[in-house]
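**Q** Got a structure for you, written out below as structure tokens; questions coming shortly.
Derivation of every value follows stated rules applied to the coordinates shown; laboratory data play no part. Note that this is a predicted model, so its numbers are computed, not measured. Methodologically, a virtual Cβ is constructed for each residue, glycine included, from the backbone with ideal geometry; neighbour enumeration extends over all protein chains shown.
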Amino acid sequence: MLFDFPSFTRTSHNKIVKIVSTTIISAIALTLPIRYLYAQTPTSGGAITIRSDLQEANSETGVITARGNVQINYPARQIQATAAQAQYYSRDRRLVLTGNVYVIQEGNSMRAETMTYLIDERKFIATPKSDRQVESTYLVTEPTPTSSE
């Protein structure tokens, strides 16, 4: 299974940071790795969950960087993604994924070396490695026949 997002349980081993506005509450010089990060902004319509081996948050720049086995879940927009690294720019409301990026949304998928998601525009921008191409798979539904009675 490509995406395995186990249900979250609080334990003393998990470090959690909740972002409740565009200002990151990571008032911080975090020195320990964060395993789970929940990001939410007032107009986002839901939380973005980022899981990775290591996460750093910079309260001056508002940038959160996740490295190693990055998994992203954004249920409000039905987005799941994996990448080697992710950077969430809270002030710009932008998520940049790099390194073997795979995104799936409502059954449609995209692979690229780098992908930027503009949250407010609900738009993905994908860039391949040199001498490669971006790969996308889209579900095409057939129109429902209408009866002419």
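**Q** If the chain between Leu54 and Ala84 were fully stretched, how many nm would it gain, using 0.36 nm times the residue separation less the Cα-Cα distance? Each step should come with its number before you reach the end.
**A** Working: separation 30, 0.36 × 30 = 10.80 nm, distance 1.09 nm.
Full extension of this stretch gives 9.7 nm more.
**Q** Could you compute the FRET efficiency for Ser136 and Asn100, with r as their C-beta to C-beta distance and R0 at 25 Å, rounded to 0.05?
**A** For R0 = 25 Å, the calculated efficiency reads 0.95.
**Q** Does the stretch 46-109 classify as rounded, prolate or oblate by the C-alpha gyration tensor (a ≥ b ≥ c root eigenvalues; a/c under 1.5 gives rounded; else a/b over b/c gives prolate, otherwise oblate)?
**A** Numbers: a/c = 2.07, a/b = 1.39, b/c = 1.49.
It comes out oblate by the Cα gyration axes.
**Q** Can you work out ³J(HN,Hα) from phi for every residue in the stretch 89-96, in order, using Karplus 6.51 cos²θ - 1.76 cosθ + 1.60 and θ = phi - 60°, giving whole Hz and x for Gly and Pro?
**A** With coefficients 6.51, -1.76 and 1.60, one gets 9, 5, 6, 8, 6, 9, 10, 10 Hz.
**Q** Highest mean first, what order results for 71-81, 120-130, 135-145 on Cβ atoms within 10 Å?
**A** Ranked from most to least packed, the peptides come out as 71-81, 120-130, 135-145.
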